[in-house]
1. Which pairs do you get when a residue that is at positive phi, found in the range 53-79, comes within reach of a residue that is among the hydrophobic types (A, V, I, L, M, F, W, C) and in a loop (DSSP other than H, G, I, E, B), reach meaning Cβ atoms under 8 angstrom, with the pair 6+ apart or on two chains?
2. Quick test for you: out of 29, 46, 36, pick the one residue that is more than 12 Å from the chain's Cα centre (by Cα) and within 24 Å of residue 106 (Cβ to Cβ).
3. In the set 61, 89, which member is of a type in the set (Asp, Glu) and more than 16 Å from residue 117 (Cα to Cα)?
4. If you take the residues of the range 108-123 that are among the hydroxyl-bearing types (Ser, Thr, Tyr) and more than 13 Å from the chain's Cα centre (by Cα), which of them is most open to solvent (accessible area, probe 1.4 Å)?
5. Within the range 48-71, can you find the residues that are surrounded by fewer than 21 Cβ atoms within 10 Å (Cβ to Cβ) and of a type outside the set (D, E, K, R)?
6. Being in contact with a helix residue (DSSP H, G or I) (Cβ under 9 Å, 6 or more places away or on another chain) and either more than 18 Å from residue 93 (Cβ to Cβ) or among the aliphatic types (A, V, I, L, M) (or both) is the filter here; which residues of the range 33-79 pass it?
7. Among the residues of the range 60-71, what is the count of those that are more than 18 Å from residue 31 (Cβ to Cβ) and in contact with a strand residue (DSSP E or B) (Cβ under 8 Å, 6 or more places away or on another chain)?
8. Within the range 1-47, how many residues turn out to be part of a loop (DSSP other than H, G, I, E, B) and open to solvent by less than 30 Å² (accessible area, probe 1.4 Å)?
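The values are calculated or read from the model by the stated rules, or taken from the named source; none is laboratory data. Predicted model, so just to flag it, every value in this text is computed and none were measured. All Cβ positions, glycine included, derive from the backbone under ideal geometry; neighbour counts span all protein chains shown. What goes into the accessible areas is simple: the full protein's heavy atoms, side chains included, and nothing from ligands, DNA or RNA. Shrake-Rupley method; radii C 1.70, N 1.55, O 1.52, S 1.80 Å.
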Amino acid sequence: QGRLVESGGGLVQTGDSLRLSCAASGRTFTNVMGWFRQAPGKEREFVAGIRRSSSDTYYEDSVKGRFTISKDNYKNTVYLQMNGLKPEDTAVYYCAARSGIDVPAIASEYVYWGQGTQVTVSS
């Protein structure tokens with residue numbers, strides 16, 4: 001089956017940077033990989049997505065210009081570089097994967113999920 005394992009979360013201050021990693025194994029390293037986040041009391045929301053075959057990237061409006069999604073196909077790993085972090089970025093960040101070519105912003109469209117990594121940004 002395989003799995004997705006996130007790492008790189010932590011507690012930082014406003015304006016700091018973090019890089020999240022998502023290591024995929026088995027069938028979970030599919031063509032479409034995404035990052036979602038979920039803050040307490042809120043729904044899981046799309047943050048960024050990437051299409052492995054073309055390297056096309058997609059971002060939620062509030063992170064454009066601050067976050068960058070990238071991939072290393074040799075390492076079966078997807079990254080989320082987060083710069084200029086704000087308190088409103090505080091959430092559990094999840095890596096997700098799905099087959100196909102579409103990069104949907106809907107969590108239910110993704111088949112595989114990691115366990116999540118906590119990102120906390122203090123003001």
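1. Final answer for the pair search is 76/29.
2. Working: 46 fails: more than 12 Å from the chain's Cα centre (by Cα); 36 fails: more than 12 Å from the chain's Cα centre (by Cα).
After ruling out the rest, the residue left standing is 29.
3. Working: 89 fails: more than 16 Å from residue 117 (Cα to Cα).
On inspection, the qualifying residue turns out to be 61.
4. The qualifying residue most open to solvent (accessible area, probe 1.4 Å) is 123.
5. Taking the range 48-71 as the starting set, the residues that turn out to be surrounded by fewer than 21 Cβ atoms within 10 Å (Cβ to Cβ) are 51-62, 64-66, 68, 70-71.
Of everything in the range 48-71, those that are surrounded by fewer than 21 Cβ atoms within 10 Å (Cβ to Cβ) and of a type outside the set (D, E, K, R) turn out to be 53, 54, 55, 57, 58, 59, 62, 65, 68, 70.
6. Hits for the range 33-79 are 39, 47, 48, 63, 76.
7. Keep residues of the range 60-71 that are more than 18 Å from residue 31 (Cβ to Cβ), which gives 60-68.
Going one step further and asking which of them are in contact with a strand residue (DSSP E or B) (Cβ under 8 Å, 6 or more places away or on another chain), we end up with 60, 63, 66-68.
Number of matching residues: 5.
8. Step one: of the range 1-47, the residues part of a loop (DSSP other than H, G, I, E, B) are 1-3, 8-9, 14-17, 25, 29-31, 39-44.
Filter again for open to solvent by less than 30 Å² (accessible area, probe 1.4 Å), leaving 29-30, 39.
So the count comes out to 3.
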